[in-house]
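**Student:** If you scroll down you'll find the structure; I have some questions about it.
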Amino acid sequence: MKLLLINIKELLQVRETTPTKLYGHQMKELPTLKNAWVFLKNGIIESFGTMDNIGPQQGFKTLDCTGKIVLPAWCDSHSHLVYAGNREQEFVDRINGLSYQEIAEKGGGIVNSAKKLQETSEEELFKQSKKRLKEVMRLGTGALEIKSGYGLTTEAELKMLRVAKKLAKEFPVTIKTTFLGAHAVPKEYKNNKEAYIDLICNEMLPNVAKEKLAHFVDVFCEEGYFTVHEMERILTEAKKYKLVPKVHVNQFNSIGGVAAAVKYKALSVDHLEVMTDEDLEVLKDTETMPVALPSCSYFLSIPYTPARKMIDAGLPLAIATDYNPGSTPSGNMNFVVATACIKMRMTPEEAINAATINGAYAMGLSRTHGSITKGKTANLIITKPIPSYGYLPYAFGSNLIDCVILNGKEIK
Ligand code: NIG
Ligand code: FE
């Protein structure tokens with residue numbers, strides 16, 4: 001399978017060799033080739049260049065991209081795309097004055113989604129999740145992380161991860177999975193949280209590992225959910241199964257989760273809406289990627305991650321959707337990129353870098369995804385004719401994607 005894209009107005013994120021991640025000052029630059037071509041062979045980026053040095057064009061399909069911009073498909077490093085039903089009623093409750101935390105305290109929130117998921121068959125869960133995955137692929141997502149965490153029983157957690165694994169098998173999108181048994185304390189364990197953590201450590205983790213269902217482990221480290229100490233216990237146990245941490249920290253409160261995650265060599269720390277100077281400092285010179293989730297801040301009307309401050313302090317930053325039924329019922333990475341610019345004062349270059357190269361890093365996919373580099377997976381977005389790439393976040397309400405190519409093939 002060979003495909004040649006020609007007359008590309010601007011080919012974005014062109015890198016001879018990929019940096020594994022981009023730090024603050026490096027994020028300002030987005031290397032671009034004007035009037036370019038790119039050649040895809042067997043699902044891989046084979047070569048690229050400018051139209052003045054294009055070779056023979058016979059023997060394979062050619063796509064004319066006159067006026068269009070081509071960029072690597074989005075790398076969405078944080079999602080909960082596998083879930084059952086929706087929480088539309090809680091959305092209305094919030095409009096009517098209840099807070100996200102108040103809803104959770106009343107038995108809504110994550111445990112509400114868990115109840116729905118436990119009652120949903122694996123087949124039906126796959127059907128609902130497949131629909132969402134197809135939608136995000138058409139919106140330009142080429143690599144995606146999917147978490148469990150709406151099961152909260154061994155059986156239901158395994159069901160979620162099996163569904164995510166099946167999606168990975170059946171669709172041309174690259175999927176990494178994360179075990180998030182410590183997402184909330186189920187009702188039955190309300191007065192005995194330790195017993196639930198025992199269940200995670202003694203039953204869930206061994207079974208997840210036995211079936212090879214997850215690459216990563218996550219904990220929602222937050223007041224009312226799991227303490228730093230409890231997170232550390234789970235991360236220590238997960239290490240025995242070689243599960244690398246990627247954790248939810250500092251969504252509402254800074255309780256020391258960032259420092260603990262760094263200590264456990266987390267690949268990423270996600271949310272970070274509330275950041276103290278110590279939290280920021282502790283991330284410097286580490287392998288841990290901070291991840292902001294701007295659509296979550298938008299939907300819950302909570303503070304945005306202080307991206308400007310973090311980037312200016314030299315930290316790398318990735319942005320992701322957090323696609324889930326409670327805090328972010330949207331998997332649209334184009335909206336994430338636009339919101340990062342509009343609400344977090346990231347430049348278009350910074351936002352695109354955060355959603356490609358740095359997103360790939362936060363999933364352990366730096367070698368294969370996130371840039372236009374020879375030998376990488378042929379995952380590309382072709383835009384409609386637009387004036388320049390800054391127009392993507394600028395015209396935030398329009399769908400500016402003409403076509404998405406995953407593994408070298410057009411997505412219908
Ligand atoms: O990342 N914060 C924790 N978990 C999810 C939302 C959970 C929910 O409300 O269903 C998040 O925002
Ligand atoms: Fe999340």
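**Student:** Which value, in nm² and rounded to one decimal, describes the direction-averaged projected area of the C-alpha convex hull of the chain?
**Tutor:** If I average the Cα hull's projected area over directions, I get 18.7 nm².
**Student:** Now, a different point. Would you mind checking the tilt of helix 154-170 against the longest principal axis of the Cα atoms of the chain, expressed as 0 to 90 degrees and rounded to 10?
**Tutor:** Rounded to the nearest ten degrees, it is 10.
**Student:** Under 5 Å between amide H atoms, partner at least 5 residues away or on a different chain: which partners does A84 have, H built in plane at 1.01 Å?
**Tutor:** L117
**Student:** Taking Cα atoms, how many degrees apart are the long axis of helix 228-239 and the longest axis of the chain, rounded to 10 and kept between 0 and 90?
**Tutor:** That helix lies at roughly 60 degrees to the long axis.
**Student:** Could you list E16, E222 in order of exposure, starting from the residue whose Cβ has the fewest other Cβ atoms within 10 Å?
**Tutor:** E16, E222
**Student:** Any chance you could give the angle, 0 to 90 degrees and rounded to 10, that helix 122-138 forms with the longest Cα principal axis of the chain?
**Tutor:** It works out to around 40 degrees.
**Student:** Would you mind computing the Rg to Rh ratio of segment 364-404 from its alpha-carbon coordinates, Kirkwood style for Rh?
**Tutor:** 1.06
**Student:** Apply the Karplus parameterisation 6.51 cos²θ - 1.76 cosθ + 1.60, with θ equal to phi minus 60°, to every residue of segment 323-333 and state each ³J(HN,Hα) to the nearest whole Hz, in sequence, with x for glycine and proline.
**Tutor:** Karplus values, whole Hz, x for Gly and Pro: 2, 7, x, x, 10, 7, x, 8, x, 8, 5.
**Student:** Something else about it: Under a GNM of the chain (C-alpha, springs under 10 Å), which listed residue has the highest mean-square fluctuation: G67, G97, G326?
**Tutor:** Sorting by GNM fluctuation, first place goes to G97.
**Student:** With each pseudo-label sitting 7 Å past Cα toward Cβ, what's the V92-H229 distance in nm, one decimal?
**Tutor:** 4.3 nm
**Student:** Please state the relative contact order of the chain as a whole percent: Cα pairs under 8 Å, 6+ residues apart?
**Tutor:** Computed value for the chain: 23 percent relative contact order.
**Student:** Would you grab the residues whose amide H sits under 5 Å from the one on K68? Only those 5+ places off in sequence or on another chain, please, with H modelled 1.01 Å from N.
**Tutor:** Residues meeting the criterion, in which the H sits 1.01 Å from N, are K9.
**Student:** Which residues in segment 344-380 place their backbone N less than 13 Å from a point set 7 Å from the Cα of S47 along the Cα-to-Cβ direction?
**Tutor:** 374-375
**Student:** Pop out the ³J(HN,Hα) list for segment 308-314 in order, Karplus 6.51 cos²θ - 1.76 cosθ + 1.60 with θ = phi - 60°, rounded to Hz; leave Gly and Pro as x.
**Tutor:** After applying 6.51 cos²θ - 1.76 cosθ + 1.60, I find 4, 4, 5, 5, 5, 7, x Hz.
**Student:** Shifting gears a bit: How would D312, D52 line up from fewest to most surrounding beta-carbon atoms within 10 angstrom?
**Tutor:** Neighbour counts put them in this order, fewest first: D52, D312.
**Student:** Amide H of K376: which non-local residues (sequence gap of 5 or more, or other chain) have their own amide H closer than 5 Å, using H built in the peptide plane?
**Tutor:** For K376, the qualifying residues are I45.
**Student:** Ok, one more. For labels at S301 and E155 in the simple 7 Å Cα→Cβ model, what's the distance in nm?
**Tutor:** 4.0 nm
**Student:** Please list, by residue number, everything in segment 261-277 whose backbone N is under 16 Å from a paramagnetic label point 7 Å out along Cα→Cβ of E287.
**Tutor:** 261-269, by backbone N distance to the label point.
**Student:** Could you give the nm distance between label points at K28 and E16, where each point is 7 Å from its Cα heading toward the beta carbon?
**Tutor:** Roughly 2.3 nm, to one decimal.
Readers should treat all values here as calculations from the given coordinates under stated rules, not as data from a laboratory. This one's a predicted model, so the numbers in the text were calculated from it and none came from an experiment. Cβ atoms come from the backbone with ideal geometry, glycine included; neighbour counts cover every protein chain shown.
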